[in-house]
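Input: a single structure, listed below in structure tokens.
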């Protein structure tokens, strides 16, 4: 039978070519980073603050260390603190994270901002590779490909963006990695506890609790609820009612701070269904309605996948894809949380015979890896192609959820 376009494209993605693509991409990304950061002082060659996003965490941590927790969500205070660090600047970063994040990072305020940012980023890079290593060790078919896994991890566009921004994405990846490893050894309660630790970035807990609840995965759901409640309860006891009220008021009214930060340009920088419809539809009400409807479809689909006999690697990948798609604020550095999807689905492809379905999955993974890098094009096309590919990946998993050898035999063709 004539091979489909998926099979023909997949056949071109040889191991040698994939390795070459990863090396070229890594050299381009990190060569640009080295050139941009090769300046003395706080500002890079383009005049931007190095590790700019870390400013909000550092300021929060310093306010906590100085006993000024009550000022954490005062924008005027944040502006003054930022001015004291970077001098006259157009940068304005509102504090939108829970106070527990500042408490975690408060020891770093004994150093200058730039030194603290370097320490945090170095720790985060180490944590990232520990997660990649742990996931790789759970994939027997990838054991002989350690070199290309390491190079691909280095070339992963979200990793680059997370690094230059000084973001917290490695902590989210660590929580998701811990959850997968717990499920891998049949410890769903511990998996839920790991997932609940993501409560410091609550937009990552929009889809997952609903999926576990309606899929009746009671152990994991209970662990998630317990872990999230414990984290928020500790913050409430430590910082008091007023600080937590200010935090909840901040995240419930994003219109107050979006206009003073680069989040005003968020749609082209984000990779979720909300940004997809916002870019495509110029009217807010229809765009939100489509976001809600498409999110509902994603939820129903992933609940079905989670309850199916599909292997854990496929079900967990679907869970993370749904979490990304429904996430209302998912920037490219947040896509670091999808690293397990690439490893687990690649492992699944490697363990099954080549069919049209596995070829399709292979091509979609390749595109999902690269397309987030081209998000600036959405300014002109008004279509975020990465979101389209994430949806197609999820659709592939859903369509084959009940196959005995998921994605390996259903509707397959002879190549």
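Each value in this text was obtained by applying a stated rule to the coordinates, not by laboratory testing. The shown structure was predicted, so the numbers you read here are calculated from the model rather than taken from an experiment. As a convention, Cβ positions derive from the backbone with ideal geometry for all residues, glycine included, and neighbour counts pool all protein chains shown.
Ordering 197, 270 from the fewest to the most neighbouring beta carbons within 10 Å gives 197, 270. The Cα center of the range 304-319 and the Cα center of the range 1-61 differ in position by 30 Å. Ordering of 327-339, 104-116, 204-216 by packing is 327-339, 204-216, 104-116, highest average first (other Cβ atoms within 10 Å, averaged per residue). The alpha carbons of the range 179-244 give a radius of gyration and a Dmax of 12.6, 41 Å, in that order.
Largest GNM mean-square fluctuation across 119, 303, 268, computed for the chain with C-alpha springs under 10 Å, falls on 119. Helix 146-155 and the long axis of the chain differ in direction by around 50°, with both axes built from C-alpha atoms.
I want to verify a result. In a Gaussian network model of the chain, Cα cutoff 10 Å, which of these has the top mean-square fluctuation: 294, 275, 124? Residue with maximal mean-square fluctuation among 294, 275, 124: 294. Taking 7 Å steps out from each Cα toward its Cβ at residue 14 and residue 122 produces label points 4.2 nm apart.
Here 381, 358 are placed in order of increasing Cβ neighbour count within 10 Å, fewest first, which gives 381, 358. With respect to the chain, whose longest principal axis is taken over its alpha-carbon atoms, helix 284-306 is tilted by about 50°. Each stretch of four or more DSSP H residues adds -39500 (n - 2.57); spread over every residue of the chain, this sum gives -20500 deg cm²/dmol at 222 nm.
How large is log10 of I(q)/I(0) for the range 105-205 at q = 0.11 Å⁻¹ when the intensity is taken from the Debye formula with one equal scatterer per alpha-carbon? Values returned for q = 0.11 Å⁻¹ are -0.40.
Given the convex hull over the Cα atoms of the chain, what projected area results after averaging over all orientations, in nm²?
20.2 nm²
Of the peptides 396-403, 348-355, the order by per-residue mean of other Cβ atoms within 10 Å, starting with the highest, comes out as 396-403, 348-355. For the chain, a Gaussian network of Cα nodes joined below 10 Å ranks 240, 223, 98 by mean-square fluctuation, and the top entry is 240. Over the range 296-415, the reciprocal of the mean inverse Cα-Cα separation, the Kirkwood hydrodynamic radius, stands at 14.7 Å. The relative contact order of the chain comes to 19 percent, based on Cα pairs under 8 Å that sit 6 or more residues apart.
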